[in-house]
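The block underneath contains the structure these notes are about, expressed in C-alpha coordinates.
The values are calculated or read from the model by the stated rules, or taken from the named source; none is laboratory data. Owing to the predicted nature of the structure, the values given are computational and were not obtained by experimental measurement. Cβ: placed from backbone, ideal geometry, glycine included. Neighbour counts: every protein chain shown. Protein only, heavy atoms only, side chains kept; ligands, DNA and RNA dropped before computing areas. Shrake-Rupley method; radii C 1.70, N 1.55, O 1.52, S 1.80 Å.
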Amino acid sequence: KAKDAGRNAYRFFSPEMDARAHQRLRLENDLRGAIARDELRLHYQPKLRVDNGQVSGVEALVRWMHPVEGLIPPDQFIPLAEETGLILDIGEWVLGEACRQLRRWRAAGHPDLCMAVNLSPRQLQRPGLDVTVLNALEAGGLPPASLELEITESSVMQEPEQALTLLRRLRAIGVRISIDDFGTGYTNFAYLRQLPLQRLKIDRSFIQHLADVDEDGVAPGATQDDVAIVEAIIAMAHKLRLNVLAEGVETEAQHERLSGLGCDEMQGFLHGRPMPADECERWMLDRLKKV
Ligand code: C2E
Ligand code: MG
Ligand code: MG
Ligand code: MG
(Lines give C-alpha, C1' and ligand atoms only; values in the text may rest on other atoms or scores of the structure.)
(Ligands and ions follow the chains in the order given, each with its own letter.)
Protein backbone atom coordinates (compact mmCIF):
# COMPACT_ATOMS: atom_id res chain seq x y z
CA LYS A 1 0.00 0.00 0.00
CA ALA A 2 2.71 2.47 1.06
CA LYS A 3 4.64 1.54 -2.06
CA ASP A 4 1.58 2.24 -4.21
CA ALA A 5 1.08 5.62 -2.60
CA GLY A 6 4.74 6.40 -3.17
CA ARG A 7 4.48 5.50 -6.81
CA ASN A 8 1.35 7.59 -7.23
CA ALA A 9 3.01 10.54 -5.52
CA TYR A 10 5.90 10.24 -7.96
CA ARG A 11 3.53 9.97 -10.93
CA PHE A 12 1.72 13.07 -9.78
CA PHE A 13 4.76 15.11 -10.72
CA SER A 14 5.42 13.40 -14.03
CA PRO A 15 5.02 15.51 -17.19
CA GLU A 16 2.13 13.36 -18.44
CA MET A 17 0.23 13.93 -15.22
CA ASP A 18 0.91 17.62 -15.47
CA ALA A 19 -0.42 17.68 -19.03
CA ARG A 20 -3.48 15.75 -17.95
CA ALA A 21 -4.14 18.10 -15.04
CA HIS A 22 -3.93 21.02 -17.45
CA GLN A 23 -6.27 19.39 -19.93
CA ARG A 24 -8.71 18.71 -17.11
CA LEU A 25 -8.59 22.29 -15.97
CA ARG A 26 -9.16 23.53 -19.51
CA LEU A 27 -12.05 21.12 -19.96
CA GLU A 28 -13.56 22.33 -16.70
CA ASN A 29 -13.33 25.95 -17.81
CA ASP A 30 -14.84 25.11 -21.19
CA LEU A 31 -17.63 23.12 -19.58
CA ARG A 32 -18.60 26.13 -17.47
CA GLY A 33 -19.66 27.97 -20.62
CA ALA A 34 -20.97 25.00 -22.58
CA ILE A 35 -24.66 25.61 -21.84
CA ALA A 36 -24.46 29.35 -22.55
CA ARG A 37 -22.69 28.60 -25.85
CA ASP A 38 -25.34 25.99 -26.68
CA GLU A 39 -22.80 23.19 -27.06
CA LEU A 40 -24.71 20.39 -25.32
CA ARG A 41 -26.66 17.93 -27.45
CA LEU A 42 -29.06 15.13 -26.64
CA HIS A 43 -29.05 11.86 -28.50
CA TYR A 44 -31.95 9.46 -28.13
CA GLN A 45 -31.81 5.70 -27.91
CA PRO A 46 -35.03 3.69 -28.41
CA LYS A 47 -36.39 1.09 -25.99
CA LEU A 48 -38.36 -1.77 -27.48
CA ARG A 49 -41.04 -4.01 -26.07
CA VAL A 50 -40.24 -7.67 -26.54
CA ASP A 51 -43.87 -8.85 -26.93
CA ASN A 52 -44.89 -6.64 -29.87
CA GLY A 53 -41.65 -5.02 -31.00
CA GLN A 54 -43.05 -1.52 -30.44
CA VAL A 55 -41.02 1.43 -29.27
CA SER A 56 -42.04 2.14 -25.68
CA GLY A 57 -39.80 5.12 -25.23
CA VAL A 58 -36.44 6.72 -25.78
CA GLU A 59 -33.59 7.52 -23.43
CA ALA A 60 -31.93 10.93 -23.62
CA LEU A 61 -28.11 10.71 -23.54
CA VAL A 62 -26.10 13.90 -23.38
CA ARG A 63 -23.08 14.77 -25.54
CA TRP A 64 -20.88 17.81 -25.61
CA MET A 65 -20.15 19.40 -28.98
CA HIS A 66 -16.76 20.90 -28.13
CA PRO A 67 -15.55 23.50 -30.66
CA VAL A 68 -12.03 22.00 -30.72
CA GLU A 69 -12.31 18.43 -29.42
CA GLY A 70 -15.47 17.53 -31.34
CA LEU A 71 -18.27 15.40 -29.89
CA ILE A 72 -17.33 14.37 -26.35
CA PRO A 73 -19.18 11.37 -24.82
CA PRO A 74 -20.74 11.72 -21.35
CA ASP A 75 -18.24 9.39 -19.66
CA GLN A 76 -15.61 12.02 -20.41
CA PHE A 77 -17.32 15.01 -18.82
CA ILE A 78 -20.18 13.88 -16.54
CA PRO A 79 -17.75 12.81 -13.76
CA LEU A 80 -16.05 16.21 -14.00
CA ALA A 81 -19.43 17.94 -13.99
CA GLU A 82 -20.37 15.89 -10.95
CA GLU A 83 -17.21 16.87 -9.03
CA THR A 84 -17.54 20.55 -9.81
CA GLY A 85 -21.28 20.80 -9.27
CA LEU A 86 -21.81 21.86 -12.90
CA ILE A 87 -24.00 18.78 -13.22
CA LEU A 88 -26.86 20.67 -11.55
CA ASP A 89 -27.12 23.13 -14.44
CA ILE A 90 -26.39 20.45 -17.03
CA GLY A 91 -29.00 18.16 -15.49
CA GLU A 92 -31.60 20.90 -15.54
CA TRP A 93 -30.82 21.65 -19.18
CA VAL A 94 -31.10 17.95 -20.05
CA LEU A 95 -34.50 17.67 -18.34
CA GLY A 96 -35.81 20.77 -20.10
CA GLU A 97 -34.51 19.80 -23.54
CA ALA A 98 -35.71 16.19 -23.23
CA CYS A 99 -39.21 17.39 -22.28
CA ARG A 100 -39.30 19.88 -25.17
CA GLN A 101 -38.36 17.09 -27.59
CA LEU A 102 -40.89 14.71 -26.07
CA ARG A 103 -43.61 17.31 -26.49
CA ARG A 104 -42.75 17.70 -30.19
CA TRP A 105 -42.80 13.95 -30.75
CA ARG A 106 -46.01 13.35 -28.84
CA ALA A 107 -47.68 16.10 -30.84
CA ALA A 108 -46.38 14.67 -34.12
CA GLY A 109 -47.37 11.06 -34.46
CA HIS A 110 -46.04 9.45 -31.27
CA PRO A 111 -48.74 10.29 -28.70
CA ASP A 112 -47.74 7.56 -26.22
CA LEU A 113 -43.98 7.98 -26.36
CA CYS A 114 -42.08 8.13 -23.06
CA MET A 115 -38.79 9.84 -22.30
CA ALA A 116 -36.12 8.59 -19.90
CA VAL A 117 -33.54 10.93 -18.38
CA ASN A 118 -30.47 9.94 -16.35
CA LEU A 119 -30.00 11.55 -12.95
CA SER A 120 -26.66 11.88 -11.22
CA PRO A 121 -25.96 11.66 -7.46
CA ARG A 122 -25.72 15.42 -6.93
CA GLN A 123 -29.15 15.96 -8.44
CA LEU A 124 -30.56 13.45 -5.97
CA GLN A 125 -29.09 15.43 -3.10
CA ARG A 126 -30.86 18.58 -4.22
CA PRO A 127 -34.15 19.08 -2.37
CA GLY A 128 -35.52 21.21 -5.25
CA LEU A 129 -35.28 18.50 -7.90
CA ASP A 130 -39.01 17.76 -7.75
CA VAL A 131 -39.76 21.41 -8.56
CA THR A 132 -37.32 21.34 -11.50
CA VAL A 133 -39.00 18.20 -12.82
CA LEU A 134 -42.47 19.64 -12.34
CA ASN A 135 -41.47 22.81 -14.22
CA ALA A 136 -40.04 20.82 -17.13
CA LEU A 137 -43.24 18.75 -17.35
CA GLU A 138 -45.52 21.78 -17.15
CA ALA A 139 -43.54 23.72 -19.74
CA GLY A 140 -44.03 20.80 -22.11
CA GLY A 141 -47.65 20.16 -21.13
CA LEU A 142 -46.64 16.56 -20.49
CA PRO A 143 -48.32 13.92 -18.33
CA PRO A 144 -45.92 13.00 -15.50
CA ALA A 145 -46.07 9.30 -16.40
CA SER A 146 -44.44 10.09 -19.75
CA LEU A 147 -41.19 10.88 -17.93
CA GLU A 148 -38.91 8.22 -16.50
CA LEU A 149 -35.96 9.04 -14.26
CA GLU A 150 -33.01 6.63 -14.30
CA ILE A 151 -30.97 6.42 -11.14
CA THR A 152 -28.17 4.05 -10.14
CA GLU A 153 -27.80 2.04 -6.96
CA SER A 154 -24.66 3.95 -6.02
CA SER A 155 -26.18 7.36 -6.72
CA VAL A 156 -28.97 6.82 -4.20
CA MET A 157 -26.65 5.28 -1.60
CA GLN A 158 -24.59 8.49 -1.28
CA GLU A 159 -27.37 10.21 0.67
CA PRO A 160 -29.93 7.43 1.14
CA GLU A 161 -32.41 9.30 3.36
CA GLN A 162 -32.48 12.40 1.23
CA ALA A 163 -32.72 10.39 -1.99
CA LEU A 164 -35.61 8.34 -0.58
CA THR A 165 -37.58 11.45 0.40
CA LEU A 166 -36.97 13.03 -2.99
CA LEU A 167 -37.84 9.90 -4.96
CA ARG A 168 -41.07 9.49 -3.01
CA ARG A 169 -41.99 13.06 -3.83
CA LEU A 170 -41.18 12.51 -7.50
CA ARG A 171 -43.24 9.34 -7.53
CA ALA A 172 -46.13 11.23 -5.93
CA ILE A 173 -46.00 13.64 -8.88
CA GLY A 174 -46.43 10.58 -11.11
CA VAL A 175 -43.06 10.25 -12.85
CA ARG A 176 -41.58 6.78 -13.21
CA ILE A 177 -38.35 5.70 -11.60
CA SER A 178 -35.98 2.99 -12.71
CA ILE A 179 -32.67 1.57 -11.53
CA ASP A 180 -30.00 1.83 -14.23
CA ASP A 181 -27.01 -0.55 -14.55
CA PHE A 182 -28.74 -2.92 -12.14
CA GLY A 183 -26.45 -5.55 -10.67
CA THR A 184 -23.26 -3.49 -10.67
CA GLY A 185 -23.76 -1.49 -7.47
CA TYR A 186 -23.67 -2.61 -3.87
CA THR A 187 -27.30 -3.52 -3.86
CA ASN A 188 -28.88 -2.97 -0.50
CA PHE A 189 -32.19 -4.78 -0.73
CA ALA A 190 -33.43 -3.48 2.59
CA TYR A 191 -33.09 0.00 1.14
CA LEU A 192 -34.11 -0.77 -2.45
CA ARG A 193 -37.44 -2.25 -1.44
CA GLN A 194 -38.39 1.12 0.06
CA LEU A 195 -37.85 2.93 -3.22
CA PRO A 196 -40.92 3.63 -5.37
CA LEU A 197 -39.56 1.83 -8.46
CA GLN A 198 -41.20 0.78 -11.72
CA ARG A 199 -38.30 -0.74 -13.59
CA LEU A 200 -34.92 -2.45 -13.39
CA LYS A 201 -32.44 -2.06 -16.24
CA ILE A 202 -30.04 -5.00 -16.27
CA ASP A 203 -26.48 -3.83 -16.82
CA ARG A 204 -24.87 -4.50 -20.18
CA SER A 205 -22.05 -6.48 -18.56
CA PHE A 206 -24.48 -9.35 -17.83
CA ILE A 207 -25.91 -9.25 -21.35
CA GLN A 208 -22.62 -9.10 -23.26
CA HIS A 209 -21.74 -12.82 -23.06
CA LEU A 210 -25.27 -14.12 -22.56
CA ALA A 211 -25.33 -16.09 -25.80
CA ASP A 212 -21.65 -17.00 -26.18
CA VAL A 213 -20.88 -20.54 -27.35
CA ASP A 214 -17.60 -22.30 -28.21
CA GLU A 215 -16.87 -24.19 -31.47
CA ASP A 216 -18.92 -27.16 -30.26
CA GLY A 217 -21.92 -24.97 -29.52
CA VAL A 218 -21.46 -25.29 -25.76
CA ALA A 219 -21.96 -22.28 -23.49
CA PRO A 220 -18.87 -21.56 -21.34
CA GLY A 221 -19.28 -21.60 -17.55
CA ALA A 222 -19.15 -17.80 -17.34
CA THR A 223 -22.00 -17.56 -19.84
CA GLN A 224 -24.06 -20.06 -17.85
CA ASP A 225 -23.46 -17.89 -14.80
CA ASP A 226 -24.67 -14.79 -16.64
CA VAL A 227 -27.78 -16.65 -17.76
CA ALA A 228 -28.44 -17.64 -14.14
CA ILE A 229 -28.00 -14.05 -12.96
CA VAL A 230 -30.23 -12.56 -15.64
CA GLU A 231 -32.86 -15.23 -15.03
CA ALA A 232 -32.80 -14.48 -11.29
CA ILE A 233 -33.05 -10.71 -11.82
CA ILE A 234 -36.03 -11.13 -14.16
CA ALA A 235 -37.79 -13.48 -11.73
CA MET A 236 -37.20 -11.13 -8.81
CA ALA A 237 -38.29 -8.07 -10.78
CA HIS A 238 -41.52 -9.73 -11.86
CA LYS A 239 -42.32 -10.92 -8.35
CA LEU A 240 -41.85 -7.33 -7.20
CA ARG A 241 -44.16 -6.23 -10.06
CA LEU A 242 -41.33 -4.37 -11.79
CA ASN A 243 -40.77 -4.11 -15.50
CA VAL A 244 -37.36 -5.38 -16.57
CA LEU A 245 -35.23 -4.11 -19.46
CA ALA A 246 -31.94 -5.47 -20.79
CA GLU A 247 -29.30 -2.91 -21.74
CA GLY A 248 -26.66 -3.26 -24.43
CA VAL A 249 -28.32 -5.90 -26.64
CA GLU A 250 -26.04 -6.21 -29.66
CA THR A 251 -26.85 -9.55 -31.30
CA GLU A 252 -29.87 -11.57 -32.45
CA ALA A 253 -28.64 -14.42 -30.25
CA GLN A 254 -28.77 -12.20 -27.17
CA HIS A 255 -32.22 -10.97 -28.19
CA GLU A 256 -33.50 -14.55 -28.54
CA ARG A 257 -32.05 -15.59 -25.22
CA LEU A 258 -33.56 -12.60 -23.41
CA SER A 259 -36.90 -13.09 -25.06
CA GLY A 260 -36.87 -16.72 -23.89
CA LEU A 261 -36.03 -15.61 -20.36
CA GLY A 262 -39.12 -13.37 -20.26
CA CYS A 263 -37.43 -9.99 -20.41
CA ASP A 264 -40.01 -7.20 -21.02
CA GLU A 265 -37.98 -4.64 -22.94
CA MET A 266 -34.63 -4.27 -24.66
CA GLN A 267 -32.28 -1.52 -25.63
CA GLY A 268 -29.05 -1.79 -27.57
CA PHE A 269 -27.13 -1.31 -30.78
CA LEU A 270 -28.99 -4.27 -32.34
CA HIS A 271 -32.24 -2.28 -32.32
CA GLY A 272 -31.02 1.29 -32.39
CA ARG A 273 -28.01 3.38 -31.41
CA PRO A 274 -28.36 6.72 -29.65
CA MET A 275 -29.21 9.21 -32.44
CA PRO A 276 -29.78 12.94 -32.85
CA ALA A 277 -33.48 13.90 -32.71
CA ASP A 278 -34.09 14.14 -36.47
CA GLU A 279 -32.43 10.78 -37.12
CA CYS A 280 -34.34 9.18 -34.26
CA GLU A 281 -37.56 10.52 -35.70
CA ARG A 282 -36.84 8.93 -39.08
CA TRP A 283 -35.92 5.72 -37.28
CA MET A 284 -39.24 5.70 -35.40
CA LEU A 285 -41.29 6.35 -38.54
CA ASP A 286 -39.45 3.53 -40.32
CA ARG A 287 -40.17 1.27 -37.39
CA LEU A 288 -43.90 2.14 -37.38
CA LYS A 289 -44.09 0.95 -40.99
CA LYS A 290 -42.42 -2.35 -40.11
CA VAL A 291 -44.32 -3.30 -36.97
P1 C2E B 1 -26.40 4.61 -19.30
O2 C2E B 1 -27.49 5.49 -18.83
O3 C2E B 1 -26.33 3.25 -18.71
O4 C2E B 1 -26.55 4.56 -20.88
C5 C2E B 1 -26.21 3.45 -21.67
C6 C2E B 1 -24.90 3.65 -22.36
O7 C2E B 1 -24.58 2.47 -23.09
C8 C2E B 1 -24.89 4.78 -23.40
O9 C2E B 1 -23.56 5.31 -23.48
C10 C2E B 1 -25.21 4.03 -24.69
O11 C2E B 1 -24.76 4.68 -25.85
C12 C2E B 1 -24.46 2.76 -24.47
N13 C2E B 1 -25.08 1.65 -25.20
C14 C2E B 1 -26.37 1.47 -25.54
N15 C2E B 1 -26.56 0.32 -26.21
C16 C2E B 1 -25.35 -0.26 -26.30
C17 C2E B 1 -24.88 -1.49 -26.91
O18 C2E B 1 -25.61 -2.27 -27.49
N19 C2E B 1 -23.55 -1.74 -26.80
C20 C2E B 1 -22.68 -0.90 -26.18
N21 C2E B 1 -21.39 -1.22 -26.15
N22 C2E B 1 -23.09 0.27 -25.58
C23 C2E B 1 -24.40 0.57 -25.66
P24 C2E B 1 -23.31 6.88 -23.41
O25 C2E B 1 -24.33 7.61 -24.21
O26 C2E B 1 -21.87 7.09 -23.72
O27 C2E B 1 -23.59 7.22 -21.89
C28 C2E B 1 -22.79 6.69 -20.87
C29 C2E B 1 -23.34 7.03 -19.50
O30 C2E B 1 -23.28 8.45 -19.26
C31 C2E B 1 -24.81 6.68 -19.32
O32 C2E B 1 -24.95 5.30 -19.06
C33 C2E B 1 -25.17 7.55 -18.14
O34 C2E B 1 -24.77 6.95 -16.94
C35 C2E B 1 -24.31 8.79 -18.38
N36 C2E B 1 -25.16 9.84 -18.96
C37 C2E B 1 -25.54 10.04 -20.25
N38 C2E B 1 -26.33 11.13 -20.36
C39 C2E B 1 -26.48 11.63 -19.11
C40 C2E B 1 -27.20 12.76 -18.56
O41 C2E B 1 -27.90 13.52 -19.23
N42 C2E B 1 -27.08 12.95 -17.20
C43 C2E B 1 -26.33 12.13 -16.41
N44 C2E B 1 -26.26 12.39 -15.10
N45 C2E B 1 -25.66 11.07 -16.89
C46 C2E B 1 -25.73 10.82 -18.22
MG1 MG C 1 -29.43 5.26 -18.46
MG1 MG D 1 -27.09 1.73 -18.02
MG1 MG E 1 -24.12 3.12 -17.53
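So here's what we get for this one:
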| quantity | calculated |
| --- | --- |
| Qualifying residue in the stretch 214-225 (condition: without any contact (Cβ under 8 Å) to a residue 24 or more places away in the chain, under 19 Å from Glu247 (Cβ atoms), in contact with a helix residue (DSSP H, G or I) (Cβ under 6 Å, 6 or more places away or on another chain) and in a helix (DSSP H, G or I)) | no |
| Failed condition for Val230, given (1) within 17 Å of the chain's Cα centre (by Cα); (2) crowded, with 18+ Cβ neighbours inside 10 Å | (1) |
| Qualifying positions in the stretch 147-202 - of a type in the set (D, E, K, R), modelled with pLDDT under 95 and either on the phi > 0 side of the Ramachandran plot or within 16 Å of ligand 3 (Cβ to nearest atom) (or both) | Glu153 |
| Any hit, the stretch 266-275, residues being in a loop (DSSP other than H, G, I, E, B), touching a His at 6+ places or on another chain (Cβ under 7 Å) and not hydrophobic (A, V, I, L, M, F, W, C) | yes |
| Counted residues, the stretch 127-148 - those being hydrophobic (A, V, I, L, M, F, W, C) and not in a helix (DSSP H, G or I) | 2 |
| Filtered residue count, the stretch 167-185, keeping only those that are more than 16 Å from ligand 4 (Cβ to nearest atom) and either among the polar types (S, T, N, Q) or assigned to a loop (DSSP other than H, G, I, E, B) (or both) | 2 |
| Condition met for Glu159 (without any contact (Cβ under 8 Å) to a residue 24 or more places away in the chain and more than 15 Å from ligand 2 (Cβ to nearest atom)) | no |
| Scan of the stretch 64-87 for residues that are touching a strand residue (DSSP E or B) at 6+ places or on another chain (Cβ under 9 Å) and within 16 Å of ligand 3 (Cβ to nearest atom), ordered by number | Pro73, Pro74, Ile78 |
| Within the stretch 130-176, considering residues that are loosely packed, with under 14 Cβ neighbours inside 10 Å and among the acidic types (Asp, Glu), the one nearest to Val244 (Cα to Cα) | Glu161 |
| Strands (runs of 3 or more DSSP E) fully within the stretch 1-117 counting 2 or more residues that are at pLDDT 95 or above and more than 21 Å from Arg282 (Cα to Cα) | 55-66, 70-72 |
| Test for Gly57: is it among the small types (Gly, Ala, Ser) and touching an Asp or Glu at 6+ places or on another chain (Cβ under 8 Å) | yes |
| Candidate set from the stretch 177-203 (those that are open to solvent by 40 Å² or more (accessible area, probe 1.4 Å), of a type outside the set (Ser, Thr, Tyr) and within 17 Å of the chain's Cα centre (by Cα)); member that is nearest to ligand 1 (Cβ to nearest atom) | Asp181 |
